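Read the structure below first, then the notes.
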Amino acid sequence: MTKIIAVVNQKGGVGKTTTTLNLATAFSTLGKKILVIDFDPQGNATTGLGYVDKNKAKGSYEALIGDIKFQDAYQQTSIPNLYLMPASIHLSGAEIEIVGLNDRERLLEKCLRGIYVFDYIFIDCPPSLGLLTLNALVAADEVLVPLQCEFYALEGLSQILFTISQVKKNFNSRLNLQGIILTMFDNRSSLSSQVANDVRYHLKEKVYQTHIPRNVRLAEAPSFGKPAVVYDFKCQGSQAYLQLAREMLIREGKLAA
Ligand SMILES: Nc1ncnc2c1ncn2[C@@H]1O[C@H](COP(=O)(O)OP(=O)(O)O)[C@@H](O)[C@H]1O
Ligand SMILES: [Mg+2]
């Protein structure tokens, strides 16, 4: 069974792309076959995997509007078991282009129907709850929410939870909040701990035990076109993402505790 996971938070800079790339790579090192769909017009997941020519690359936009077959829109990366569907520059106009279509929320779902070759498909969403994110939520089985440990985190979270419940009611009854990942956790800041405690208090077991520390290696890695898990396997940030991947698999019953 392919599990489709949308990585969603309407705020920018909270760690969606970093989480997508490092979690995807961590899963691939555990022997899972993974596709990353770059669904953000900024194309950070695409550059973060070393694709510099993203203006020419065909990818998620072309697949979404049916210009090319889904299977022709992704390619293998230099990392074993990891495939990427890049974001081309045209994705930035997609929301306006598709807004008039009857099935505008279901375009990605239709593309993904019958795609069984992957164990997991991660969709790296843009920082908004617009039509692209809606397409991702309608196509997905699960939602992962990276949450930066800062003051406004909880406010943004209630908006995402509301959106998930609306999508579930109106478009995709199987949608499930898989979990919340606390990102950029700063050990020395009492605010980080306070926010983490608050989020855990309200959302209990939906919050992963593993949190992602603030770690400069995670921020450096994209400039080398590699996920941190490949760029510096041993650094704290990479180890946290590997631990998170194990925690997710244990929760799914796919790995012994
Ligand atoms: N745990 C972390 N520690 C340090 N820097 C991080 C961490 N996670 C992300 N970053 C950096 O913060 C910025 C925003 O992260 P990113 O994953 O691109 O967020 P988003 O996709 O939500 O916009 C990037 O420059 C990224 O390299
Ligand atoms: Mg991003």
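Can you spot the aspartates and glutamates whose alpha carbon is less than 19 Å from Lys254's alpha carbon? Ignore those fewer than 8 places along the same chain.
The reachable aspartates and glutamates, counting only those whose Cα sits under 19 Å from Lys254, are Asp119, Asp141, Glu142, Glu205.
I'd like the Karplus ³J(HN,Hα) series for segment 207-213: coefficients 6.51, -1.76, 1.60, θ = phi - 60°, whole numbers in Hz, and an x wherever there's a Gly or Pro.
Whole-Hz 3J(HN,Hα) from phi for segment 207-213: 8, 5, 4, 6, 10, 9, x.
Might you report the magnitude of the Cβ-based charge dipole of segment 3-249 about its Cα centre, with Lys and Arg at +1 and Asp and Glu at -1, to the nearest 20 debye?
In total the dipole reaches around 460 debye.
Mean-square fluctuation check for the chain, GNM, Cα pairs under 10 Å: which of Gln178, Gln148, Gln194 is largest?
Gln194
Which loop chymotrypsin sites (Phe, Trp or Tyr not before Pro) in segment 67-138, with loop taken from DSSP, have no more than 13 other Cβ atoms within 10 angstrom of their Cβ?
Tyr116
Quick one: what Rg and Dmax do you get for the chain from the alpha carbons, in Å?
My reading of the Cα-based Rg and Dmax gives 17.1, 51 Å.
Normalised by the residues of segment 2-91, what does the relative contact order come to in percent, with Cα pairs under 8 Å and at least six apart?
Reported relative contact order: 33 percent.
Could you tell me the relative contact order of the chain? Use alpha-carbon pairs under 8 Å, at least six residues apart, and round to a whole percent.
Averaging sequence separation for qualifying contacts and normalising by length gives 25 percent for the chain.
How much FRET efficiency would the formula 1/(1 + (r/R0)^6) give for Phe171 and Gln243, where r is the Cβ-Cβ distance and R0 is 41 Å, rounded to 0.05?
Working from the Cβ atoms, E equals 0.80.
Expected output is a single nm value to one decimal: the length gained when fully extending between Leu30 and Ser128, i.e. 0.36 nm times separation in residues minus the C-alpha distance. What is it?
Net length gain for the segment: 32.2 nm.
When N counts the residues of segment 153-257, how does its alpha-carbon radius of gyration compare numerically with 2.2 N^0.38 Å, as a ratio?
1.22
Put a dot 7 Å past each Cα toward the Cβ at Ala257 and Asp186; how far apart are the dots in nm?
Taking the simple label geometry, Asp186 and Ala257 are separated by 3.4 nm.
Rule-based calculations on the coordinates, nothing more; no lab input. Here the structure is a predicted model, which means the values were calculated and not measured. Positions of Cβ are generated from backbone atoms using ideal geometry, with glycine treated the same way; all protein chains shown enter the neighbour counts.
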